């Protein structure tokens, strides 16, 4: 599958950057990153997908930091929902680096959802679906989930309650957050057992926070 978007970064540049995050991408995965980035930058002139314009910074902040979760957490396969997907981060990079995942991209903004659909038309990522909806309105369409993740939430408490509900039944939650939000998130819901935060390489107080859903009481 090809796209008219140019390769904005060389394969060697992408390989070196991902290597700093303990990732060894295949040639196909590098091609997907190049195609995805080309689409992102082309569409970013029409709708606000990311405030970052520099391709190298996009590579590090969006691709490397998202894909890093695949090395820090066993995310080899299973069902994963990316809530508030926006431009597709972290869901699409995780799908690229872990192709066995079944991924749901949950995005309520129609323009951003249209962009996500365009990415999936240009890049062959089987078992990946865009759901144009607020996450609160979803349940059986997603359940059961092995992983639910987000990078763009402001109000964590209702999200964590929803993810732990019987309707969704997510086993693990993965959050990309800043250091100032750690304590707030860890106290936001009693439904999760939190692991020690994992520092994102080459970042200033950005972390992966992983929680496992506590056993639910019997009815």
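Bear in mind these aren't lab numbers, they're just calculated from the coordinates by the rules spelled out. Nothing here was measured: the structure is a model prediction, and the numbers come from that model. We place every Cβ from the backbone using ideal geometry, glycine too, and count neighbours over all the protein chains shown.
How far, in nm, would the chain grow between residue 45 and residue 100 when pulled straight, counting 0.36 nm per residue and subtracting the alpha carbon separation?
Length difference between fully extended and current span is 16.6 nm.
Let a ≥ b ≥ c be the square roots of the eigenvalues of the Cα gyration tensor of the stretch 9-102; is it rounded (a/c under 1.5), or, if not, prolate (a/b larger than b/c) or oblate? Oblate.
Taking R0 as 25 Å, what's the FRET efficiency between residue 193 and residue 77 from their Cβ-Cβ distance, rounded to 0.05?
Values: r = 22 Å, r/R0 = 0.90.
Given R0 = 25 Å and the Cβ-Cβ separation, E is 0.65.
With the simple model of a label 7 Å out from the Cα in the direction of the Cβ, residue 167 to residue 182 spans 3.3 nm. Counting every alpha-carbon pair across the stretch 11-213, the share separated by more than 28 Å comes to 21%.
Taking a ≥ b ≥ c as the square roots of the Cα gyration tensor eigenvalues, the stretch 127-178 comes out rounded, since a/c falls below 1.5. Put the Cα centre of the stretch 187-219 next to the Cα centre of the stretch 7-69 and the gap is 26 Å. Sequence-distant contacts, meaning Cα pairs under 8 Å at least 6 residues apart, place the relative contact order of the stretch 11-213 at 16 percent. A simple spin-label model places pseudo-atoms 7 Å from Cα toward Cβ; at residue 28 and residue 132 they are separated by 3.0 nm.
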